[in-house]
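J.: Following this message is one structure expressed as C-alpha cells.
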Amino acid sequence: APPPVIALVLIAIGVVLGVFWPVEIVPAPWQYVAGGPIIAGAVLLVMSAFRLFQRAKTPVPTYRTPTALVTGGVYRLTRNPIYLAMVLLIIGLAVTLDNVWLLALAAIFQQIIRWGVIAREEPFLEAKFGEDYRAFKQCTRRWI
C-alpha cells in the first residue's frame with residue numbers, strides 16, 4: 001500500500017480507539033499549543049520536499065521511477081523528509097487530539113515505513129544512482 005494510505009488507515013484506527021478508550025496525554029488547552037506547531041512543521045516539510053522534486057522534474061509517488069536524485073534543501077537533513085513529515089503529522093494529531101493511541105501508531109507507522117518501504121527503496125536507488133546515492137547515504141541520515 002502507498003505510504004499515505006498506510007498513514008490514513010492508522011490515523012483512522014487511532015481516532016476510533018481514542019473515541020472508545022480515551023487516554024489523556026496533554027491537558028487542554030496545551031494540546032493545541034503543542035500539537036499545532038508539530039502539524040505545521042510536518043506540512044512545511046512535505047511542501048518543501050514536493051517543491052524540490054518538482055524543480056528536479058522527478059515524480060514524488062513511490063510507484064513511479066525517479067529521474068533525478070534530490071539531495072539539497074530538506075534532503076540535506078534527512079533522506080526521507082516526506083516519510084518523516086507523515087510521522088510528525090501523526091504525532092501532531094496525537095497531541096492535538098489528546099490521543100495516546102495515535103502516538104503509539106506513529107511508532108508503528110515509522111517501523112512499517114522503515115522495513116516495508118525504505119528497505120526496498122534504498123537498494124533500488126543505489127542501483128539507479130550508484131555512487132551518487134552511496135555518497136548521499138554517507139552524509140545524510142535516514143530520518144533525522
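J.: Among the residues of segment 46-66, which ones are farther than 15 Å from ASN80 by Cβ and open to solvent by 90 Å² or more (accessible area, probe 1.4 Å)?
T.: Across segment 46-66, the qualifying residues are MET47, ARG51, GLN54, ARG55, LYS57, TYR63, ARG64.
Residues checked against (1) of a type in the set (Gly, Ala, Ser); (2) touching a Ser or Thr at 6+ places or on another chain (Cβ under 8 Å); (3) touching a residue at least 60 places away in the same chain (Cβ under 8 Å):
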site: LEU10; (1), (2), (3): no, no, yes
site: ILE13; (1), (2), (3): no, no, yes
site: VAL16; (1), (2), (3): no, no, no
site: ILE25; (1), (2), (3): no, no, yes
site: GLN31; (1), (2), (3): no, yes, yes
site: PHE53; (1), (2), (3): no, no, no
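J.: If you don't mind, there's one more thing I want to ask. Quick one: ILE82 ticks every box in (1) surrounded by 14 or more Cβ atoms within 10 Å (Cβ to Cβ); (2) within 17 Å of PHE129 (Cβ to Cβ) bar one, so which box is it?
T.: (2)
J.: Just give me the residues in segment 67-79 being crowded, with 20+ Cβ neighbours inside 10 Å and at positive phi, in sequence order.
T.: Residues satisfying the conditions do not exist here.
The rows are residues; the columns are (1) at pLDDT 95 or above; (2) under 27 Å from GLN31 (Cβ atoms); (3) open to solvent by 90 Å² or more (accessible area, probe 1.4 Å); (4) touching a strand residue (DSSP E or B) at 6+ places or on another chain (Cβ under 8 Å).
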residue: VAL95; (1), (2), (3), (4): yes, yes, no, no
residue: ASP98; (1), (2), (3), (4): no, yes, no, no
residue: ALA106; (1), (2), (3), (4): yes, yes, no, no
residue: ILE112; (1), (2), (3), (4): yes, yes, no, no
residue: ILE118; (1), (2), (3), (4): yes, no, no, no
residue: PHE129; (1), (2), (3), (4): yes, no, no, no
residue: LYS137; (1), (2), (3), (4): yes, no, no, no
residue: THR140; (1), (2), (3), (4): yes, no, no, no
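J.: Can you report the number of residues in segment 36-71 which are more than 16 Å from the chain's Cα centre (by Cα) and within 14 Å of ILE91 (Cβ to Cβ)?
T.: Of the residues in segment 36-71, 1 are more than 16 Å from the chain's Cα centre (by Cα) and within 14 Å of ILE91 (Cβ to Cβ).
J.: List every residue pair whose Cβ atoms lie under 9 Å apart, where the two residues are 6 or more positions apart in sequence or sit on different chains, the first residue falls within segment 118-144 and is touching a residue at least 12 places away in the same chain (Cβ under 8 Å), and the second residue, located anywhere, is basic (Lys, Arg) and assigned to a helix (DSSP H, G or I).
T.: The qualifying pairs are GLU122/LYS137; LEU125/LYS137; THR140/ARG76; ARG142/ARG114; TRP143/ARG114.
J.: Being of a type outside the set (Gly, Ala, Ser) and open to solvent by less than 50 Å² (accessible area, probe 1.4 Å) is true for just one of VAL19, VAL26. Which residue is that?
T.: Every option except VAL26 fails the conditions.
The values are calculated or read from the model by the stated rules, or taken from the named source; none is laboratory data. Just so it is clear, the model here is predicted, and its values are computed rather than measured. Cβ coordinates were reconstructed from backbone atoms using ideal geometry, including for glycine residues, and neighbour counts include every protein chain displayed. Heavy atoms of the whole protein, side chains included, go into the accessibility calculation; ligands, DNA and RNA do not. Shrake-Rupley method; radii C 1.70, N 1.55, O 1.52, S 1.80 Å.
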